[in-house]
Amino acid sequence: MNAAYRKQTAIDIAKMYYINGESQDQIAAATGMSRSNISRILKKCVDDGIVEIVVHDNISKRPELGHKLCGAFGLKDAIIVPSDSSEERVARHAGERVALYLESILQDNMLLGVGRGRACYYTGRNLKNEYNLHVDVIQMLGAASSTASLEESNGLISLFVSKLNGTGYVLNAPLMVRSKRTKQELLDNALLHNTMKRYQDIDVAIFEVSQPDLYARNLSRQEWLTKADLLQLSEVRVVSCVCGYYFDQNGHSCNAGINDRILAISQEQLRKIPYSIGILTGKNTLPSALSVLRSGLINVLVVDESLALRLESYIDDLPEDT
């Protein structure tokens, strides 16, 4: 076995262990090597610099870059969390850090608005209430799926209420309905009306920003959209989505006949919230990040390191008088 082949084998094994998350026993079975040999190769990968192990501080990740992003985009705060090959781990990092941030800004008798998604779930799971605050929690958008999951808005309300000793307000409705008339009929219901009336009182909001997947074959992942909706959104080139609202690269809202059918907090109400915390991690691209930053919907940015560095490069490339 020549040196080049040995090195490539070591790299392949390192990828299986550190990137794919396979155990040493699994790698041994796949390669026909002994477990002790796999362990030796992994140690040599570290010694030779093929693998670099970095311990990330989730609390203070790149504070200087966060300050730079605040200045460039007019934000109150920017929280940068470690990147990872696993979207689940990035969501967990974001949730841990947002939970700490909430603990620093929440006060008695506040109203917390909650969106949906894995990072929101991990925020609730990691939230502590050491000062025994009483904070009410409200669901900011209707149900986006017909199946139960930990990341759906209504389920998250119970999780946050269990930590914050307050009252939970749910929105018992789908995220999107067939027509503006149907929406109005639902809003005439006292239960929905009383919940949505409280949106104007939200002090802090947390929600995830997503990059829309507009292929009709993925319709099952976006049950609230029809094929006609997907086509319209594609035509206006949307690149980001917040609480069911879609935006183009300039941060302009893309109605496309959709906004009048959404049951969620309004864009105007989101812009007035003192702490509007938008989470961008995972598959979000630079255009989707710039889109939501330009929209004015967020004043606290939570972003993974990889995307934060792309935002920094964008800032550095701007003309001096921009």
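The values are calculated or read from the model by the stated rules, or taken from the named source; none is laboratory data. Given the structure is predicted, the values throughout are model-derived calculations rather than measurements. Positions of Cβ are backbone-derived with ideal geometry, glycine not excepted, and every protein chain shown enters the neighbour counts. All accessible areas refer to the heavy atoms of the entire protein, side chains included, with ligands and DNA or RNA removed. Shrake-Rupley method; radii C 1.70, N 1.55, O 1.52, S 1.80 Å.
Here are a few things to note about the model shown:
- Three-way shape call for region 100-177 based on the alpha-carbon gyration tensor, with the a/c threshold at 1.5: prolate
- Cα lying deepest toward the dipole's positive end in the chain, options SER23, VAL242, GLN211, charges on Cβ: SER23
- List SER83, SER291, ordered by accessible area with a 1.4 Å probe, largest first: SER83, SER291
- Taking ILE265, ILE105, ILE279 as the candidate residues, the one with maximal mean-square fluctuation in a Gaussian network model of the chain, Cα springs under 10 Å, is ILE105.
- Our Cα-only numbers for region 263-309 put the radius of gyration and Dmax at 11.2, 35 Å.
- Based on every Cα atom in region 170-285, Rg and the maximum pairwise Cα distance Dmax equal 14.5, 40 Å.
- Distance from the C-alpha centroid of region 69-138 to that of region 265-322: 16 Å, rounded to the whole angstrom.
- Two-decimal Rg to Rh for region 14-117 - Kirkwood Rh, Cα set: 1.15
- In a simple Cβ point-charge model (Lys, Arg +1; Asp, Glu -1; nothing else charged), the chain has a dipole of about 700 debye relative to its Cα centre.
- Taking every protein chain into account, the 1.4 Å probe leaves ARG35 with about 120 Å² of accessible area, to the nearest ten.
- Solvent-accessible surface ranking, highest first, for THR9, THR226, THR123 at 1.4 angstrom: THR226, THR9, THR123
- Kirkwood Rh, Cα atoms: Rg over Rh of the chain: 1.04
- Exceedance of the 25 Å cut-off in Cα-Cα distance is limited, within the set LYS163/LYS283; LYS15/LYS44; LYS7/LYS283; LYS180/LYS227; LYS76/LYS180, to LYS163/LYS283; LYS7/LYS283; LYS76/LYS180.
- In terms of accessible area, using a 1.4 Å probe and ignoring ligands and nucleic acids, ASP188, ASP248 rank largest first as ASP188, ASP248.
- Alpha-carbon spread of region 147-213, three principal axes, descending order, Å: 37, 33, 23
- Within-14-Å neighbourhood charge of SER104 [Cβ basis; K, R +1; D, E -1]: -2
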